[in-house]
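Visitor: I am attaching a structure below and will ask some questions about it afterwards.
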Amino acid sequence: MSTSHEVSYKCPYCGREFTITVYDSVNADNDPELKERCISGDLFRHSCPHCKTDFMIQNPLVYSDPSRKFVLWLSSQEVSGDLYRLAKPLDEQGYTLRRCGTLQEFTEKIQIFEDGVSDIVVELAKYDSFIEFIDNRQGNPAEVTSVEYQRTDNGVMKINVRTDDKGLSFLIPTGPLEEEVKAQSDRYEADNVTFPRINSDWVISLFTEPQGEA
Ligand SMILES: [Zn+2]
(Lines give C-alpha, C1' and ligand atoms only; values in the text may rest on other atoms or scores of the structure.)
Protein backbone atom coordinates (compact mmCIF):
# COMPACT_ATOMS: atom_id res chain seq x y z
CA MET A 1 0.00 0.00 0.00
CA SER A 2 1.15 3.54 -0.73
CA THR A 3 0.69 6.29 1.83
CA SER A 4 0.49 10.05 1.60
CA HIS A 5 -0.42 13.07 3.70
CA GLU A 6 -1.44 16.66 3.04
CA VAL A 7 0.74 19.53 4.15
CA SER A 8 0.36 23.27 4.02
CA TYR A 9 3.14 24.68 1.90
CA LYS A 10 4.38 28.22 1.44
CA CYS A 11 5.21 29.00 -2.18
CA PRO A 12 8.92 29.92 -2.44
CA TYR A 13 8.07 32.35 -5.28
CA CYS A 14 5.00 34.31 -4.17
CA GLY A 15 4.95 33.45 -0.46
CA ARG A 16 1.30 32.38 -0.39
CA GLU A 17 0.18 29.13 1.15
CA PHE A 18 -1.50 26.13 -0.40
CA THR A 19 -1.97 22.43 0.30
CA ILE A 20 0.13 19.77 -1.35
CA THR A 21 -0.01 15.96 -1.23
CA VAL A 22 3.26 14.42 -0.11
CA TYR A 23 3.87 10.68 -0.54
CA ASP A 24 5.59 8.87 2.32
CA SER A 25 5.70 5.50 0.60
CA VAL A 26 5.00 4.07 -2.82
CA ASN A 27 4.40 0.40 -3.53
CA ALA A 28 5.23 -0.22 -7.18
CA ASP A 29 3.20 -3.45 -7.37
CA ASN A 30 0.00 -1.98 -5.94
CA ASP A 31 0.21 1.44 -7.56
CA PRO A 32 1.73 1.24 -11.05
CA GLU A 33 0.53 4.77 -11.79
CA LEU A 34 2.49 6.17 -8.82
CA LYS A 35 5.48 4.13 -9.95
CA GLU A 36 5.37 5.85 -13.34
CA ARG A 37 5.13 9.24 -11.62
CA CYS A 38 8.25 8.35 -9.59
CA ILE A 39 10.19 7.42 -12.74
CA SER A 40 9.17 10.62 -14.52
CA GLY A 41 9.70 12.73 -11.40
CA ASP A 42 6.12 14.05 -11.59
CA LEU A 43 5.40 12.82 -8.07
CA PHE A 44 7.70 15.57 -6.77
CA ARG A 45 6.56 18.31 -9.13
CA HIS A 46 4.13 20.81 -7.68
CA SER A 47 2.43 23.88 -9.05
CA CYS A 48 1.47 26.96 -7.04
CA PRO A 49 -2.25 27.68 -7.63
CA HIS A 50 -1.63 31.39 -6.96
CA CYS A 51 1.35 32.34 -9.16
CA LYS A 52 1.30 29.14 -11.30
CA THR A 53 5.03 28.50 -10.81
CA ASP A 54 6.12 24.85 -11.04
CA PHE A 55 8.81 23.52 -8.73
CA MET A 56 10.18 20.28 -7.30
CA ILE A 57 9.97 19.20 -3.67
CA GLN A 58 12.12 16.25 -2.69
CA ASN A 59 10.38 14.84 0.34
CA PRO A 60 11.62 11.64 2.03
CA LEU A 61 10.03 8.59 0.42
CA VAL A 62 10.17 4.81 0.79
CA TYR A 63 9.78 3.14 -2.60
CA SER A 64 9.23 -0.60 -2.54
CA ASP A 65 8.98 -3.07 -5.40
CA PRO A 66 8.10 -6.49 -3.92
CA SER A 67 8.16 -8.35 -7.25
CA ARG A 68 11.63 -7.08 -8.19
CA LYS A 69 12.69 -7.22 -4.53
CA PHE A 70 14.15 -3.81 -3.87
CA VAL A 71 13.46 -0.91 -1.52
CA LEU A 72 14.76 2.62 -2.10
CA TRP A 73 14.92 5.26 0.60
CA LEU A 74 14.91 8.68 -1.03
CA SER A 75 16.38 11.04 1.51
CA SER A 76 19.32 13.33 2.11
CA GLN A 77 19.43 11.88 5.65
CA GLU A 78 20.87 8.57 6.82
CA VAL A 79 18.41 5.80 7.58
CA SER A 80 17.17 5.62 11.16
CA GLY A 81 14.29 4.39 13.30
CA ASP A 82 11.55 2.23 11.81
CA LEU A 83 13.16 1.78 8.44
CA TYR A 84 16.37 0.58 10.03
CA ARG A 85 14.43 -2.05 11.98
CA LEU A 86 12.82 -3.19 8.72
CA ALA A 87 16.19 -3.58 7.02
CA LYS A 88 17.18 -6.94 8.53
CA PRO A 89 13.98 -8.86 7.70
CA LEU A 90 13.96 -7.35 4.19
CA ASP A 91 17.61 -8.31 3.72
CA GLU A 92 16.81 -11.87 4.82
CA GLN A 93 14.04 -12.01 2.22
CA GLY A 94 16.59 -11.14 -0.47
CA TYR A 95 15.70 -7.49 -0.99
CA THR A 96 18.26 -5.01 -2.29
CA LEU A 97 18.19 -1.91 -0.05
CA ARG A 98 19.52 1.44 -1.16
CA ARG A 99 19.45 5.06 -0.13
CA CYS A 100 19.24 7.72 -2.84
CA GLY A 101 20.33 11.22 -1.87
CA THR A 102 18.96 12.92 -4.97
CA LEU A 103 15.98 12.58 -7.30
CA GLN A 104 18.33 11.82 -10.16
CA GLU A 105 19.86 8.91 -8.24
CA PHE A 106 16.37 7.73 -7.32
CA THR A 107 14.90 7.64 -10.84
CA GLU A 108 18.09 6.05 -12.19
CA LYS A 109 18.01 3.31 -9.53
CA ILE A 110 14.43 2.40 -10.42
CA GLN A 111 15.46 2.12 -14.08
CA ILE A 112 18.49 -0.04 -13.19
CA PHE A 113 16.49 -2.47 -11.06
CA GLU A 114 13.63 -2.54 -13.60
CA ASP A 115 16.24 -3.68 -16.13
CA GLY A 116 17.29 -6.43 -13.72
CA VAL A 117 20.95 -5.40 -13.55
CA SER A 118 23.27 -4.78 -10.60
CA ASP A 119 23.74 -1.14 -9.63
CA ILE A 120 27.29 -1.98 -8.53
CA VAL A 121 28.05 -3.11 -12.09
CA VAL A 122 26.37 0.07 -13.37
CA GLU A 123 28.59 2.28 -11.22
CA LEU A 124 31.70 0.45 -12.49
CA ALA A 125 30.47 0.88 -16.08
CA LYS A 126 29.90 4.60 -15.43
CA TYR A 127 33.40 4.91 -13.97
CA ASP A 128 34.93 3.10 -16.97
CA SER A 129 33.01 5.37 -19.35
CA PHE A 130 34.26 8.46 -17.53
CA ILE A 131 37.89 7.24 -17.70
CA GLU A 132 37.46 6.34 -21.39
CA PHE A 133 36.07 9.82 -22.06
CA ILE A 134 39.12 11.47 -20.46
CA ASP A 135 41.89 9.11 -21.61
CA ASN A 136 40.90 8.20 -25.14
CA ARG A 137 38.61 11.00 -26.24
CA GLN A 138 40.67 13.82 -24.72
CA GLY A 139 37.67 14.97 -22.72
CA ASN A 140 38.12 17.54 -19.99
CA PRO A 141 36.91 16.08 -16.65
CA ALA A 142 35.92 19.58 -15.45
CA GLU A 143 33.39 19.82 -18.28
CA VAL A 144 31.52 16.64 -17.36
CA THR A 145 28.12 17.54 -15.89
CA SER A 146 26.82 14.00 -15.40
CA VAL A 147 27.41 10.34 -16.16
CA GLU A 148 24.10 8.55 -16.61
CA TYR A 149 22.90 5.02 -17.03
CA GLN A 150 20.54 4.68 -19.97
CA ARG A 151 19.69 1.02 -20.50
CA THR A 152 20.97 -2.54 -20.90
CA ASP A 153 20.34 -4.57 -24.05
CA ASN A 154 21.67 -8.10 -24.56
CA GLY A 155 24.38 -7.73 -21.92
CA VAL A 156 25.59 -4.33 -23.11
CA MET A 157 25.09 -1.23 -21.00
CA LYS A 158 24.61 2.17 -22.58
CA ILE A 159 26.17 4.98 -20.52
CA ASN A 160 25.98 8.69 -21.40
CA VAL A 161 28.75 11.07 -20.41
CA ARG A 162 27.31 14.57 -20.64
CA THR A 163 28.99 17.93 -20.84
CA ASP A 164 27.43 21.38 -21.16
CA ASP A 165 27.43 21.40 -24.94
CA LYS A 166 27.53 17.75 -25.94
CA GLY A 167 27.41 14.19 -24.76
CA LEU A 168 29.04 10.93 -25.66
CA SER A 169 27.52 7.47 -25.36
CA PHE A 170 29.55 4.44 -24.37
CA LEU A 171 28.57 0.80 -24.82
CA ILE A 172 29.98 -1.30 -21.99
CA PRO A 173 29.66 -5.12 -22.01
CA THR A 174 28.48 -6.19 -18.56
CA GLY A 175 30.04 -9.70 -18.54
CA PRO A 176 33.64 -8.70 -17.62
CA LEU A 177 32.39 -6.27 -14.93
CA GLU A 178 30.12 -8.94 -13.41
CA GLU A 179 33.14 -11.28 -13.33
CA GLU A 180 35.24 -8.59 -11.63
CA VAL A 181 32.57 -8.00 -8.96
CA LYS A 182 32.26 -11.74 -8.36
CA ALA A 183 36.04 -12.23 -8.17
CA GLN A 184 36.49 -9.38 -5.69
CA SER A 185 33.26 -9.71 -3.75
CA ASP A 186 34.84 -8.45 -0.49
CA ARG A 187 35.84 -5.23 -2.17
CA TYR A 188 32.58 -4.59 -3.97
CA GLU A 189 30.18 -5.84 -1.34
CA ALA A 190 27.73 -3.23 -0.11
CA ASP A 191 26.34 -3.56 3.42
CA ASN A 192 22.71 -3.99 2.42
CA VAL A 193 21.17 -3.50 5.88
CA THR A 194 22.57 0.04 6.19
CA PHE A 195 20.69 1.17 3.05
CA PRO A 196 24.03 2.05 1.38
CA ARG A 197 24.33 4.84 -1.16
CA ILE A 198 25.77 3.25 -4.30
CA ASN A 199 26.75 6.14 -6.55
CA SER A 200 29.78 7.78 -8.16
CA ASP A 201 31.18 8.86 -4.76
CA TRP A 202 30.99 5.25 -3.62
CA VAL A 203 32.85 3.89 -6.64
CA ILE A 204 35.51 6.63 -6.42
CA SER A 205 36.06 5.79 -2.74
CA LEU A 206 36.80 2.18 -3.75
CA PHE A 207 39.58 3.30 -6.05
CA THR A 208 41.10 5.90 -3.75
CA GLU A 209 40.96 4.19 -0.35
CA PRO A 210 44.06 2.28 0.69
CA GLN A 211 43.48 -1.43 0.28
CA GLY A 212 44.99 -2.28 3.66
CA GLU A 213 46.29 -5.57 2.33
CA ALA A 214 49.82 -6.85 2.73
ZN1 LIG B 1 3.24 30.99 -5.80
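The values are calculated or read from the model by the stated rules, or taken from the named source; none is laboratory data. Being a predicted model, the structure only gives us computed values, none of them experimental. All Cβ positions, glycine included, derive from the backbone under ideal geometry; neighbour counts span all protein chains shown.
Visitor: If SER64 passes every condition in (1) away from the ligand (no atom under 16 Å from the Cβ); (2) among the small types (Gly, Ala, Ser); (3) free of Cβ contacts under 8 Å to residues at least 12 places away in the same chain but one, which one does it miss?
Guide: (3)
Visitor: Could you identify the single residue in ILE120, ILE159, ILE172 that is surrounded by 11 or more Cβ atoms within 10 Å (Cβ to Cβ) and assigned to a helix (DSSP H, G or I)?
Guide: Just one listed residue meets the conditions, ILE120.
Visitor: Next up: Considering only residues that are surrounded by 14 or more Cβ atoms within 10 Å (Cβ to Cβ), assigned to a strand (DSSP E or B) and not charged (D, E, K, R), look in segment 125-155 and name the one that is farthest from the chain's Cα centre (by Cα).
Guide: Ranking the qualifying residues of segment 125-155, first place goes to VAL144.
Visitor: Here is a further query. With respect to GLN77, determine if the residue is away from the ligand (no atom under 16 Å from the Cβ), exposed (fewer than 13 other Cβ atoms within 10 Å of the Cβ), modelled with pLDDT under 95 and outside the structural domain of LYS158 (by TED's automatic domain parsing).
Guide: Yes; evaluated as a whole, the condition is true for this residue.
Visitor: Right, next: Look at LYS69 and say whether it is touching a helix residue (DSSP H, G or I) at 6+ places or on another chain (Cβ under 7 Å) and either farther than 29 Å from ASP186 by Cβ or of a type in the set (D, E, K, R) (or both).
Guide: So LYS69 does not fit the description; no.
Visitor: Separate question: Looking at this structure, is ILE112 away from the ligand (no atom under 16 Å from the Cβ) and either at pLDDT 95 or above or not assigned by TED's automatic domain parsing to the domain that holds THR152 (or both)?
Guide: Judged against the criteria, ILE112 is a match.
Visitor: Could you tell me whether segment 45-52 includes any residue that is under 21 Å from GLN111 (Cα atoms) and surrounded by 12 or more Cβ atoms within 10 Å (Cβ to Cβ)?
Guide: Yes: one or more hits.
Visitor: I want to confirm something. Restricting to segment 4-42 and keeping residues that are surrounded by 12 or more Cβ atoms within 10 Å (Cβ to Cβ) and hydroxyl-bearing (Ser, Thr, Tyr), which single residue is nearest to the ligand (Cβ to nearest atom)?
Guide: Filtering segment 4-42 for residues that are surrounded by 12 or more Cβ atoms within 10 Å (Cβ to Cβ) and hydroxyl-bearing (Ser, Thr, Tyr), the one nearest to the ligand (Cβ to nearest atom) comes out as TYR13.
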